Amino acid sequence: MKNYFKSIAKYSALFSLVVATNSCEEYLDVKPENIVTETAAYENFTRFQGFTEELYMCIPDFTNAYWTNSWNWGEDEIQSTARDFHFVVKIDNGNFLGWQSEHDGWQAGWMNRNRGNMNTGNNRFNKDLYTLGWYGIRKANLGLANLDLLQEATQEEKDLIKGQLLFFRGWFHFQFMQYFGGLPYVDQVIPADEPITLPRLSYAECAEKAAADFRAAADLLPADWDNTVVGKRTETKNALRINKIMALGYLGKNYLWAGSPLMNKASTGSESYNTEFCRKASEAFAELLNITESGGSKHALLPFAKYSDNFYTTGQNWAIPGGTEAIFRGPYLGAHNSTYGTAKQYQPAPILTDGDVKFLPTANYVDNYGMANGLPIENPTQADPVSGYDPSYPWRNRDPRFYNDIIYDGVKMVNGTMPANNVANRNANLFTGGSYRNISTGSRTGYLLYKFIPITANMYDGGYDWGSNLNIHLPWMRLSDVYLMYAEATAVAYNSATAKDPSYSKTAVEAINFVRDRAGVGHVASRFTSSLNAFLPELRRERAVELAFEGHRFNDLRRWLLLTKSPYTLKKSIEFDRDASFNAATPKTNKVNNLRQVTILERNFSDKHYWLPLKNSDVSMYAEFFQNPGW
């Protein structure tokens, strides 16, 4: 970590160093008014905002950081066997060191890459969380330390600068904390030539410091930059700028994580929730939702017909996905101007596309998608007269989000003309032994994931080589996530599914139902609201469905202390035979025979796997910065 501080300290004097590259004679010939000083970046709002905006370019795009991209590390996804360099494969093997560039020969991970190539430019390949996160923390501290130099500015301009800097300092620390646990909370500029002695804090201590930064940022920032004098200068182009809603969202998330069983165990030894942290989380989310629901910001759930706009856009040139539902997104660097993009990683090769790295939804995770009436599937191989699930007709009457996200047997995959020798693959052949089933470059599980790509993104329908017309970019946080985090925090804080924050109108279960209403899913059944113990599993299932494959599951399983417990250690496939009555025109109601699930792998985890290991080079710097247990 010291190396990161040393290398980034140089940027604090960037402008004066540029001048110093000239010869002595040339330097002496420069007019005094043309010399850029170390303080020039802070003297007025325009310059200070330019300094601050580099922080946005420190946010990695986990969706498009490499040619193919791995960000789902729970039991939700499994990779094809053609390659093994992505982090999800290393996690499956128990090698959690694989997040580090030293253990990633391909430099494919978005958490850490070769530090010599990291920068804040426009190249998506040159960004990672670890390097630029520490850089971002130092840059935020540099800005905060020099706020007094901002004299040529209104109070609004000063508040906007300070609010952004505080948010980023909290956000980068939060990202590190959720993976590594309590760390030194760096809230001052550390001179590069001085030894570091900052001790690791407990998770709770770090969370309190991050909360102070998020709270202060929320108090300084507007809910909508377009409604400020400064924001009017860039009206309609302020969607990515840090605002009050983002700060409140991460204030609540930071508190909920601190209150979760894993983090509470690390802080206090107790494996239960910390209800006081959850109460604070509920309060922050309630404040956010009151603003959004009253029209105080542009944030709102997208209608289900536009659900995919959260994740991708088509035919809109460089339009960034997200819409009104996106709370926090990083810059989008246009990864899909190349066909070697994320779209290929979800389609079987060579049937619909090329490429060999494929990411497949596991059958056991897909079981979380219950029935349209809102009831869960208790056992995927047994009929349930209560929910209406029938294993002979497993695709019938399912949650509408199942049909949006998941490709199952018989779904039409190609609209356009296909060669005669491939026309039999127009519909997904995902039954056992079907042409789409291929452990190397096809489906290992009997399902495909199409939440982030349109059906037409194949070599026959013109979506295979769309260039800038297909743009995939997932948000770090969206509004439906806030509703579900509010539901969890509130239910735990007040020990009831029907409780609500005193300042907000919705109860915990009503917040879930509000999200379900958007998709047309039945409400949470009364049997799940009788106690907190009955409610939490259904809430967790709702998070699994609504936020499926968006990068949340791994951290959710960790914070709930479920990562090492069966069935969350299993990855399964669905196996079945097509019935003779198969009809390609009606895939939802097709009958199947001999439906069963087969375990592909079981992850052998222990308690040490709840936290990622720190870099050995960092923990060797000084005694107070120690390694996580077991590593």
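The values are calculated or read from the model by the stated rules, or taken from the named source; none is laboratory data. As the structure is a computational prediction, the values presented were derived from the model and not from experiment. Cβ atoms come from the backbone with ideal geometry, glycine included; neighbour counts cover every protein chain shown.
Per the listing 606, 566, 581, 617, the residue uniquely at pLDDT below 95 and either surrounded by fewer than 14 Cβ atoms within 10 Å (Cβ to Cβ) or on the phi < 0 side of the Ramachandran plot (or both) is 617. The residues of the range 413-455 that are more than 21 Å from residue 311 (Cβ to Cβ), touching a helix residue (DSSP H, G or I) at 6+ places or on another chain (Cβ under 9 Å) and crowded, with 22+ Cβ neighbours inside 10 Å, listed by number, are 436, 446. Taking the listed residues 549, 528, 535, 554, the one that is at pLDDT 95 or above and either in contact with a Cys (Cβ under 7 Å, 6 or more places away or on another chain) or at positive phi (or both) is 549, with no other qualifying.
Being of a type in the set (A, V, I, L, M) and part of a loop (DSSP other than H, G, I, E, B) is the filter here; which residues of the range 91-120 pass it?
Restricting attention to the range 91-120, the residues satisfying the condition of being of a type in the set (A, V, I, L, M) are 91, 97, 108, 111, 118.
Scanning the range 91-120 gives 108, 111, 118.
Picking from residues in the range 576-631 that are in contact with a helix residue (DSSP H, G or I) (Cβ under 8 Å, 6 or more places away or on another chain) and of a type in the set (A, V, I, L, M, F, W, C), the one that is nearest to residue 389 (Cα to Cα) is 601. Residues of the range 131-156 that are touching a helix residue (DSSP H, G or I) at 6+ places or on another chain (Cβ under 9 Å) and free of Cβ contacts under 8 Å to residues at least 40 places away in the same chain: 144, 148.
Of all residues in the range 391-440, which are without any contact (Cβ under 8 Å) to a residue 12 or more places away in the chain and either part of a helix (DSSP H, G or I) or touching an Asp or Glu at 6+ places or on another chain (Cβ under 7 Å) (or both)? Before the answer, list the steps.
Let us first name the residues in the range 391-440 that are without any contact (Cβ under 8 Å) to a residue 12 or more places away in the chain, namely 419-421, 423-424, 433, 437.
Across the range 391-440, the qualifying residues are 423, 424.
The listed residues are 551, 520, and the only one of them that is among the small types (Gly, Ala, Ser), surrounded by fewer than 17 Cβ atoms within 10 Å (Cβ to Cβ) and under 28 Å from residue 412 (Cα atoms) turns out to be 520. Listed by first and then second residue, the pairs linking a residue in the range 192-203 that is within 16 Å of residue 180 (Cβ to Cβ) and without any contact (Cβ under 8 Å) to a residue 60 or more places away in the chain to a residue that is part of a loop (DSSP other than H, G, I, E, B) and not aromatic (Phe, Trp, Tyr), with Cβ atoms under 8 Å apart and 6 or more places separating them unless they lie on different chains, are 201/182; 201/183; 201/184. Among the residues of the range 349-385, write down those that are among the β-branched types (Val, Ile, Thr), part of a loop (DSSP other than H, G, I, E, B) and under 20 Å from residue 588 (Cα atoms). Selection gives 362, 377, 381. Looking at 525, 508, just one residue is surrounded by fewer than 24 Cβ atoms within 10 Å (Cβ to Cβ) and farther than 30 Å from residue 418 by Cα, and that residue is 525. The numbered conditions (1) modelled with pLDDT under 95; (2) buried (at least 21 other Cβ atoms within 10 Å of the Cβ); (3) of a type in the set (A, V, I, L, M, F, W, C) are all true for residue 106 except (2). Number of residues in the range 140-197 that are of a type in the set (D, E, K, R), surrounded by fewer than 18 Cβ atoms within 10 Å (Cβ to Cβ) and either in a helix (DSSP H, G or I) or under 23 Å from the mean Cα position of the chain (by Cα) (or both) equals 3.
Checked against (1) touching a residue at least 24 places away in the same chain (Cβ under 8 Å); (2) under 30 Å from residue 217 (Cα atoms); (3) of a type outside the set (A, V, I, L, M), residue 294 passes all but condition (1).
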